[in-house]
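The values are calculated or read from the model by the stated rules, or taken from the named source; none is laboratory data. What you are looking at is a predicted structure, and each value in this text was computed from that prediction instead of being measured. Counting neighbours? That spans all protein chains shown, and the Cβs are built from the backbone with ideal geometry, glycine included.
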């Protein structure tokens with residue numbers, strides 16, 4: 001039987017497509033510098049259909065990529081040539097919320113924010129909050145080990161997953177991790193989370209929920225220079241506080257978000273905006289709040305405000321979290337980098353980025369998780385001429401080299417994907433890369449799951 | 001290149017719009033999402049510019065757009081996907097729904113006829129016949145199914161003088177009757193006017209058989225829509241009223257866009273902008289402090305369906321809840337309160353399958369224990385009520401004006417006499 005007919009037999013005729021128009025919408029995710037050329041899209045309904053489809057594709061040697069919200073910024077969901085997109089959008093049920101054990105059992109297509117919303121009546125929430133949380137899905141969050149502004153205090157995705165059901169490349173279902181927190185000999189779940197969909201397809205996950213902190217205070221600090229703001233960040237950390245979030249935006253980023261959907265009304269001609277949030281028990285929170293304010297004042301915050309209401313706090317965060325999308329108001333395309341540097345080297349990193357901006361004549365906006373030194377420089381450009389794209393990519397590589405030179409890393413939370421394969425090869429030694437390659441090969445000897453990602457060898 | 005005026009080039013493919021899109025929620029397909037539509041839009045525009053017939057799958061996915069504006073409301077870069085689809089609709093030939101629209105609502109006499117036709121559907125005997133026909137092929141089956149959502153006959157009583165209006169505000173407002181509202185919900189219209197008076201406004205009725213133009217616009221007939229707009233604007237200018245008020249979310253959203261409709265027309269641009277600035281949904285004129293304290297206690301809880309053209313297009317979400325709370329009616333929120341019910345102008349006739357899927361999803365999200373779904377748009381009222389009837393649920397879809405009116409004033413005798 002032909003592949004097409006067999007797929008129809010598994011998922012039904014409505015849930016497989018090979019039409020050009022449909023395929024054209026699956027060529028990229030939120031990373032648009034590279035596109036793929038898929039042959040088919042399949043929308044499985046449950047784990048059984050995923051396993052059946054994968055067994056079939058394995059037998060025929062057809063490559064595939066699993067896709068959720070398609071919000072990857074490194075090309076994680078860009079499909080392999082002539083491959084199959086396994087779009088898990090129909091598998092979007094929150095199966096169960098257990099308020100006693102504080103965990104949720106979810107299908108991979110559940111939107112991150114929807115889980116927190118569903119947990120809210122129990123006084124619980126799901127802590128990792130990528131900026132795309134209104135659209136990104138938990139399957140993708142696990143695959144990419146997603147972070148977010150509030151991961152400074154609460155840790156990234158891997159710190160919040162207990163167990164996952166995974167379909168291996170040959171279609172074998174396996175369960176990784178455990179609800180009883182008794183670790184096995186080798187942490188296979190740890191290997192899976194952050195493997196960018198290259199080891200298997202996650203079909204169900206059990207994640208921890210946290211109690212909503214009884215109190216929180218959110219601050220906005222306006223600084224005349226990035227140096228002042230950076231020193232204020234260092235002072236907060238040095239004071240022994242772990243803020244729930246500590247975020248910075250530079251003037252160009254502020255220009256974009258202020259034209260966007262959620263306008264805060266930031267003052268004109270600023271050097272940097274710092275957003276900080278402390279949360280926890282109310283007594284502790286007010287102590288920490290004073291320390292944060294003190295640090296901001298000592299480093300010449302021109303303006304220092306506390307959010308006066310939940311609505312104001314939500315507005316500040318919505319403004320910050322839609323920064324990438326709002327770049328469309330400054331230029332037709334952007335390329336966002338994801339380098340990490342030791343937090344104390346922020347001023348050096350920003351002057352290096354400014355130098356790249358001048359050398360390549362490219363405007364660069366900066367939005368970043370200042371608390372843990374995770375930078376998101378956004379390189380803005382208008383046309384997709386090969387020459388422009390080459391220049392943009394080259395500028396991006398230079399920024400990451402600068403991060404490495406400052407003792408940092410090429411990726412904080414967006415993944416390697418297609419985008420940072422070369423940079424990864426610069427960060428790690430050949431022996432380290434061989435080790436990672438061996439892990440991939442152990443799971444996927446035929447190289448069928450999300451091939452061409454992470455490693456430069458094209459497999 | 002053909003001259004397409006709606007620019008979507010600011011889309012950076014971030015994907016934040018996807019969960020807001022009703023058709024993506026139903027199908028799970030990227031091609032039925034706003035971001036997918038931006039990709040397809042480029043392809044269809046290119047085909048049209050070079051004189052080729054657009055790929056039917058691409059055009060079909062674009063045409064599935066409900067114009068609900070949910071994606072536009074969440075887009076960080078204000079990408080006007082719905083508006084871009086609307087513009088294309090007029091350029092792709094062979095759309096039967098366009099004819100339907102032109103026949104029913106193309107002129108004042110059409111509107112008059114339309115109001116009479118739809119009123120027929122509210123008669124008990126006719127309703128039984130309608131119910132029998134719901135399984136007919138499209139567009140008849142869906143049309144009859146929708147008609148099954150019409151309220152029982154609401155006679156249109158003569159205008160009633162103000163009885164116990166509060167202290168006057170000395171502000172004159174012009175209240176728009178609309179086509180579907182006046183055809184099916186004439187009593188709600190009278191009560192709306194009465195509510196305005198009791199809030200202290202001097203009320204003029206815009207009772208001429210006029211359409212806001214939204215249906216024509218959604219179906220890709222911008223000139224037809226502008227014809228309506230010109231007469232509405234001119235009549236408002238002559239009226240001397242301070243505000244132009246509607247209780248229909250779809251009409252309000254259209255009125256507020258008049259400025260954009262005439263951007264290229266030097267003669268009308270300024271007038272349209274000025275008019276749009278005077279448009280208010282009735283919800284925006286309710287000063288809570290001027291509402292009396294409710295006389296009844298512990299009524300049944302209600303739930304709110306946010307009409308797309310109120311919440312997404314006009315950004316009005318909280319006022320209806322605040323008003324209900326003020327008049328003592330408990331609100332239990334439904335899931336996906338701001339997801340489209342599938343009504344969307346005449347979408348439920350042109351795309352019955354998608355419309356039905358959304359309707360059933362909406363009705364399925366009503367929390368247990370509520371007896372009324374409160375909303376603010378005639379299309380939503382019809383659509384949701386038809387879904388409730390088909391499921392045999394003892395829940396009614398009602399305009400918020402009726403809920404407030406019942407809570408504050410009805411049963412005092414005067415209401416029955418004055419307002420039917």
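I'd like the full set of residues that are away from chain B (no Cβ under 14 Å) and not in a helix (DSSP H, G or I), limited to the range A:39-56.
Of everything in the range A:39-56, just one residue is away from chain B (no Cβ under 14 Å) and not in a helix (DSSP H, G or I), namely A:39.
Restricting to the range A:165-194, name every residue that is crowded, with 24+ Cβ neighbours inside 10 Å and within 18 Å of the chain's Cα centre (by Cα).
Scanning the range A:165-194 gives A:192, A:193.
Among the listed residues A:356, A:336, A:340, identify the single one that is farther than 19 Å from residue A:233 by Cα, away from chain B (no Cβ under 14 Å) and in contact with a helix residue (DSSP H, G or I) (Cβ under 8 Å, 6 or more places away or on another chain). Give the steps one after another, and end with the answer.
On the way: A:336 fails: away from chain B (no Cβ under 14 Å); A:340 fails: farther than 19 Å from residue A:233 by Cα.
Going through A:356, A:336, A:340 in turn, just one is farther than 19 Å from residue A:233 by Cα, away from chain B (no Cβ under 14 Å) and in contact with a helix residue (DSSP H, G or I) (Cβ under 8 Å, 6 or more places away or on another chain): A:356.
Could you tell me whether any residue of the range A:370-386 is more than 14 Å from chain B (Cβ to nearest Cβ), surrounded by fewer than 17 Cβ atoms within 10 Å (Cβ to Cβ) and more than 20 Å from the chain's Cα centre (by Cα)?
Taking the range A:370-386 first, the residues more than 14 Å from chain B (Cβ to nearest Cβ) are A:370-375, A:377, A:385-386.
Filter once more, so that each one left must be surrounded by fewer than 17 Cβ atoms within 10 Å (Cβ to Cβ): A:385-386.
Among the residues that remain, those that are also more than 20 Å from the chain's Cα centre (by Cα) are: A:385-386.
Yes, the range A:370-386 contains at least one residue that is more than 14 Å from chain B (Cβ to nearest Cβ), surrounded by fewer than 17 Cβ atoms within 10 Å (Cβ to Cβ) and more than 20 Å from the chain's Cα centre (by Cα).
Just the residues that are within 18 Å of residue A:278 (Cα to Cα) and loosely packed, with under 13 Cβ neighbours inside 10 Å, please, taken from the range A:298-317.
A:308, A:309, A:310, A:311
Check whether at least one residue in the range A:137-148 is under 30 Å from residue A:262 (Cβ atoms), modelled with pLDDT under 95 and not in a helix (DSSP H, G or I), and report yes or no.
Filtering the range A:137-148 for residues under 30 Å from residue A:262 (Cβ atoms) gives A:137-148.
Within this subset, residues satisfying the condition of being modelled with pLDDT under 95 are A:147-148.
Now narrow it down to the ones that are not in a helix (DSSP H, G or I): A:147-148.
Checking the range A:137-148: at least one residue is under 30 Å from residue A:262 (Cβ atoms), modelled with pLDDT under 95 and not in a helix (DSSP H, G or I).
For residue B:255, are the conditions met, namely being farther than 29 Å from residue B:366 by Cα and surrounded by 23 or more Cβ atoms within 10 Å (Cβ to Cβ)?
Working: farther than 29 Å from residue B:366 by Cα: yes; surrounded by 23 or more Cβ atoms within 10 Å (Cβ to Cβ): yes.
Answer is yes for this residue.
State all residues of the range A:12-28 that are more than 7 Å from chain B (Cβ to nearest Cβ) and buried (at least 20 other Cβ atoms within 10 Å of the Cβ); if no residue qualifies, say none.
Those that are more than 7 Å from chain B (Cβ to nearest Cβ) and buried (at least 20 other Cβ atoms within 10 Å of the Cβ): A:15, A:16, A:17, A:23.
Are any of the residues in the range A:282-296 within 27 Å of residue A:323 (Cα to Cα) and assigned to a strand (DSSP E or B)?
Step one: filter the range A:282-296 for residues within 27 Å of residue A:323 (Cα to Cα), giving A:289, A:292-293, A:295-296.
Now drop any that are not assigned to a strand (DSSP E or B), which leaves none.
No, every residue in the range A:282-296 fails to be within 27 Å of residue A:323 (Cα to Cα) and assigned to a strand (DSSP E or B).
If we keep just the residues of the range A:258-270 that are buried (at least 16 other Cβ atoms within 10 Å of the Cβ) and touching a strand residue (DSSP E or B) at 6+ places or on another chain (Cβ under 7 Å), which is farthest from residue A:326 (Cα to Cα)? Spell out how you get there, then give the answer.
So in the range A:258-270, the residues buried (at least 16 other Cβ atoms within 10 Å of the Cβ) come out as A:258, A:260-262, A:264, A:266, A:270.
Okay, now just the ones that are also touching a strand residue (DSSP E or B) at 6+ places or on another chain (Cβ under 7 Å), so A:266, A:270.
Working: A:266: 16, A:270: 19 Å.
Taking the candidates together, the pick is A:270.
Scanning the range B:45-69 for residues that are buried (at least 24 other Cβ atoms within 10 Å of the Cβ) and assigned to a helix (DSSP H, G or I), which turns out farthest from the other protein chains (Cβ to nearest Cβ)?
The qualifying residue farthest from the other protein chains (Cβ to nearest Cβ) is B:62.
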